[in-house]
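Trainee: Structure in structure tokens, see below.
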Amino acid sequence: MATWGLVVETTVGTGERKHIEAAVAALVEGAREDALAELERRARAFVPTHPMTPKRRRLFRQADGFLLVVDGAWQTFSTRFTVAELIDDSAAPVKEPDPEPVPVPEPEPQPEAAPRPDPVVRHDEDGIPVKPAWLGRADLP
């Protein structure tokens, strides 16, 4: 499955300091058409910081995306929206390979234990055990 970057290149600054800056707005996994649909949604909703008082706004469709041209009172500003397939990312988390399953050894047959004889319990004349059953048990407080 392909990963698509939604790249936004916009004009920032004014006058002689006006330049273009690019940023990846989002990553979309799936078909290119899905990425273009998401890009169009973002392009239509995009509100640039310049110009402060827009006079005209035009959105053009291109092969790889969209071009937004906004005319201001004194200058024109543009924003380019491009969809591009992500081929390599140096900051992507390294995917660790799945560990190989460890074979479970079959248990060795154990010889059957000989039945233990019941312990001899001594009783007094009335038939009451001399040593109570709970005496010496480690599981009691």
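The values are calculated or read from the model by the stated rules, or taken from the named source; none is laboratory data. Remember, predicted model here, so these are calculated numbers, not experimental data. Neighbour counts are summed over all protein chains in view; Cβ atoms, including those assigned to glycine, are modelled from backbone coordinates with ideal geometry. All accessible areas refer to the heavy atoms of the entire protein, side chains included, with ligands and DNA or RNA removed. Shrake-Rupley method; radii C 1.70, N 1.55, O 1.52, S 1.80 Å.
Trainee: Solvent-accessible area of residue 126, probe 1.4 Å, all protein chains present, reported in Å² to the nearest ten, please.
Mentor: Surface accessible to solvent at residue 126 totals approximately 130 Å².
Trainee: I would also like to ask the following. With a 1.4 Å probe and all protein chains left in place, how much of the accessible area of the chain comes from carbon and sulfur atoms, in whole percent?
Mentor: Result for the chain: 56 percent of the exposed heavy-atom area is carbon or sulfur.
Trainee: Here's a follow-up. Taking R0 as 25 Å, what's the FRET efficiency between residue 27 and residue 58 from their Cβ-Cβ distance, rounded to 0.05?
Mentor: With a Förster radius of 25 Å, E is 0.35.
Trainee: Relative to the compact globular guide of 2.2 N^0.38 Å, what is the alpha carbon radius of gyration of the chain, as a ratio?
Mentor: 2.66
Trainee: If you average the alpha carbon positions of the range 17-77 and of the range 82-123, how far apart do those two centres end up, in angstrom?
Mentor: 53
Trainee: Hey, another quick one. Students often forget the sequence filter, so: which aspartates and glutamates lie under 12 Å Cα-Cα from residue 18 once same-chain residues fewer than 8 apart are removed?
Mentor: Result set, ordered by chain and number: empty.
Trainee: Then there is this: How do 1-10, 98-107 rank on mean C-beta neighbours within 10 Å, highest first?
Mentor: 1-10, 98-107
Trainee: Here's something else I'd like to know. Which order do 131, 95, 18 take when ranked by solvent-accessible area (1.4 Å probe, heavy atoms of all protein chains), largest first? Could the numbers behind the result be given before it?
Mentor: Values: 131 130, 95 185, 18 75 Å².
Correct descending sequence by accessible area is 95, 131, 18.
Trainee: Over the range 1-118, with the other protein chains present, what is the accessible area per residue in square angstrom, probe 1.4 angstrom?
Mentor: Here the per-residue accessible area is 81 Å².
Trainee: Return one number: the angle in degrees, 0 to 90 and rounded to the nearest 10, between the long axis of the Cα atoms of helix 32-45 and the longest principal axis of the Cα atoms of the chain.
Mentor: Between helix and principal axis, roughly 60 degrees.
Trainee: Counting every Cα pair in the range 7-83, what percent are over 21 Å apart?
Mentor: 27
Trainee: Under a plain spin-label model, where a point goes 7 Å from the Cα along Cα-to-Cβ, how far apart in nm are residue 135 and residue 90?
Mentor: Placing both labels 7 Å along Cα→Cβ, they lie 8.0 nm apart.
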